[in-house]
Amino acid sequence: MKKVLIIIPAFNEEEALGGVIKGLRLDCPTADILVVNDGSLDKTASVARSFEGVSVLTHRFNLGIGAAMQSGYKFALSNDYDIAVQFDGDGQHPSEGVGDLLEPLLSDTADADMVVGSRFLSKEGEGYSLTLARGIGIAFFSKVVSFILGQKFTDTTSGFRAVNKDVIKFFASNYPEDYPEVEVLVLLRKKGFTIKEIPVTMSKRKGGKSSITPALSVFYMIKVLLAIMVDLIKKVR
């Protein structure tokens, strides 16, 4: 049986984190769970540690989602995990959907190195609620990345993802610091990895507050677009 690690990057997620871990324990009983507490100012770390068997890494300061996930991938590499799953701590991601995410990686005819859960590939996703700014950002980057990579992507900002051992190794030493979800798609394809999207149903966050405000959405779009342009010309290790 392959070793699976579920990585939960968490910043001030004390409200929802307990329910998230309970759901994962119920639907993914054989997977290990790692919470990366990214400098939270609330009881996120305490909530995570209250669950026996859950590993917890803590950043003294908030370093961002990229640094949190890279810490998780380094942990996965050091502990010889075969698959790592990125799973939000705010309750948006479906624990019952992890199995669907893992299937393309676990099958004998594995046809992907990374699997991304897309909100927009199912009929349920048509009613998913987004702010105007975030909706524009998702649509924009889906078109940009699809054009650059020559493969259709519908949800480039989805943080519900699973990767195999080769990608774990790559991410442990190559991972963008800020808003990495879009950028890593370009990096992976540049290195020859295969990416697959599958339909998932997501919910509204069950606690905490999103770090992406309307004003930050504009900054995010500009910064990520520039990062993608740099990725296309730089040499990736």
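Where a number appears in this text, it was derived from the coordinates with a stated rule and is not lab data. These numbers come from a predicted model, not from an experiment. Every residue, glycine among them, receives a Cβ derived from its backbone with ideal geometry; neighbour counts consider all protein chains shown.
Label-to-label distance, N62 versus L41, with points set 7 angstrom from Cα along the beta-carbon direction: 0.7 nm.
Each label was represented as a point 7 Å from its Cα along the Cα-to-Cβ direction; for L216 and R237 these points are 2.8 nm apart. In the structure shown, the pairs K22/K143; K191/K223; K22/K152; K165/K204 are assessed against 25 Å; a Cα-Cα span above that value is assigned to K22/K143; K22/K152; K165/K204. State the answer as a single residue: which of N164, P180, N79 lies farthest towards the positive end of the charge dipole of the chain, with beta carbon charges of +1 for Lys and Arg and -1 for Asp and Glu, about the Cα centre. The listed residue farthest towards the positive side: P180. Give me the orientation-averaged projected area of the Cα convex hull of the chain, in nm², one decimal. If you wrap the Cα atoms of the chain in a convex hull and average its projections, you get 12.1 nm². Using C-alpha pairs below 8 Å separated by at least 6 residues, the relative contact order for the chain is 25 percent. Over the residues of the chain, the helix contribution to mean residue ellipticity at 222 nm works out to -13500 deg cm²/dmol, using -39500 (n - 2.57) for each DSSP H run of at least 4.
Report note on the peptides 68-76, 24-32: ranked by the mean count of other C-beta atoms within 10 Å, highest first, their order is 68-76, 24-32. In this simple spin-label model, placing a label point 7 Å from the Cα along the Cα-to-Cβ direction at both Q151 and T30 gives a separation of 2.6 nm. You can think of it this way: the chain between K223 and S122 has 33.4 nm of extra reach, that is 0.36 nm per residue less the Cα-Cα gap.
Each of F61, F51 has some number of other Cβ atoms within 10 Å of its Cβ, and from fewest to most they run F61, F51. Of the residues L121, L225, V35, the one whose Cα sits farthest toward the positive end of the charge dipole of the chain, with +1 on the Cβ of Lys and Arg and -1 on the Cβ of Asp and Glu, is L225.
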